[in-house]
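As structure tokens, the structure follows; a few thoughts come after it.
Only the coordinates and a few stated rules stand behind these numbers; no lab work does. Only a predicted model underlies this, so the values are computations on that prediction, with no experimental measurement involved. We place every Cβ from the backbone using ideal geometry, glycine too, and count neighbours over all the protein chains shown.
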There are 2 protein chains.
Amino acid sequence: MLIHDLTADECRDVLRRAGLARLACERDGQPYVVPVHLWYDDDHNCLYGFSTVGQKVVWMRQNPRVCVEIDDIDDPNHWVTLVVFGAYEEIPDDAAGRTVRERARLLFEPRPEWWLPAAARMPSHERHATVVYRIRIDRVTGRRAARNRAQP
Amino acid sequence: MLIHDLTADECRDVLRRAGLARLACERDGQPYVVPVHLWYDDDHNCLYGFSTVGQKVVWMRQNPRVCVEIDDIDDPNHWVTLVVFGAYEEIPDDAAGRTVRERARLLFEPRPEWWLPAAARMPSHERHATVVYRIRIDRVTGRRAARNRAQP
């Protein structure tokens, strides 16, 4: 099996295809990781997400340092995995945040099914308790494994 | 869509089927998350893993508090996700750790392909730089989403 580090271009390709990701945050030395759906904004080198206000949002408001893992695992010998270090930033639901929210909405739009459920299950009077956020990417590393399937 | 919390029994069922998981650790307020393969030990309520000595092992030696996320995602409306809070514990490669390592080996054995690559790519003189560890489970929460596929 060959394992090699991804180049910056290869990392960006994986980010562009991303949807499902795992987002890790921490509080008082306790890490917390959950599956989320994120969309990559190539021009601004960040990932956008949409969430109800639950534990992860509360924690990320306290400590914005996060880690995102994105992967594509076919089998134990054929996989790509990306680790992103970055900072959580909430987009305010006001005039100042309007441009950024609109940009995020355009990224979400082609795959609305991935973010609608979180909001859809809430009573309408609580829908304001959802946030749009972005992860500003500080550093990305990626690895790819491949082995000829004919090999033992 | 219906989302419901899993019972303790349902959580154990997911743990028993687990293999691929995402393990989050942290250092100095910076979370880190990577894909790993873990095997559940029902009798001892822990997860066993096998790893080369890299960043995650170094970090978990410093702060053993970890979070493991295990999921089974068919599509946005049909998924199960489990979040495990626990403590990292390295199994010593000596007489004291022998019984536990043997137990872990028996759990790994049915699916050797998932842990061999990590060791297989190392030169034989460096294979001692691998560790067997377990995550002692403190708390598990799980959720399941389901929607009739005929619904819009």
Put the label 7 Å from Cα along Cα→Cβ for B:Ala87; what are its distances to the other copies, in nanometres, shortest first? 3.5
For A:97-105, what's the mean count of beta carbons from other chains sitting within 10 Å of each residue's beta carbon? 0
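Per DSSP H run of at least 4 residues, take -39500 (n - 2.57); add these up for chain B, divide by its residues and hand me the 222 nm value, nearest 500 deg cm²/dmol. Write down the numbers at each step before the final one.
Details: 4 runs with 34 residues, N = 152.
Only helices count here, giving -6000 deg cm²/dmol.
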From the Cα gyration tensor of chain A, with a ≥ b ≥ c the square roots of its eigenvalues, which class applies: rounded if a/c is under 1.5, or else prolate if a/b is larger than b/c, or else oblate? prolate
From the label point of B:Ala8, set 7 Å along Cα to the beta carbon, how far off in nm is each other copy's matching point, shortest first? 5.2
Once you average over the residues of A:14-27, how many Cβ atoms of partner chains fall within 10 Å of each Cβ? 4
Which of these, A:Gly29, A:Gly86, A:Gly142, has the largest mean-square fluctuation under a Gaussian network model of chain A (Cα springs below 10 Å)? A:Gly29
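Could you line up A:Leu6, B:Leu15 from fewest to most neighbouring Cβ atoms inside 10 Å?
Working: A:Leu6 18, B:Leu15 24.
Least to most surrounded, the residues fall as A:Leu6, B:Leu15.
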Which shape class, rounded, prolate or oblate, goes with the stretch A:1-54 when its Cα gyration tensor gives a ≥ b ≥ c as root eigenvalues, a/c under 1.5 marks rounded, and past that a/b bigger than b/c marks prolate? oblate
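May I ask for the net charge around A:Tyr133, where only other residues with Cβ less than 11 Å from the Cβ of A:Tyr133 are counted and Lys, Arg are +1 while Asp, Glu are -1? Show your work: numbers first, answer last.
Working: positive: A:Lys56, A:Arg61, A:Arg101, A:Arg134, A:Arg136; negative: A:Glu89, A:Glu90.
Taking every other residue near A:Tyr133 into account, the sum is +3.
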One decimal, nm, nearest first: from B:Asp74 to the same residue in each other copy, label points 7 Å out along Cα→Cβ, the values are 2.5
GNM on chain A, C-alpha springs below 10 Å: top fluctuator among A:Ala104, A:Ala24, A:Ala129? A:Ala129
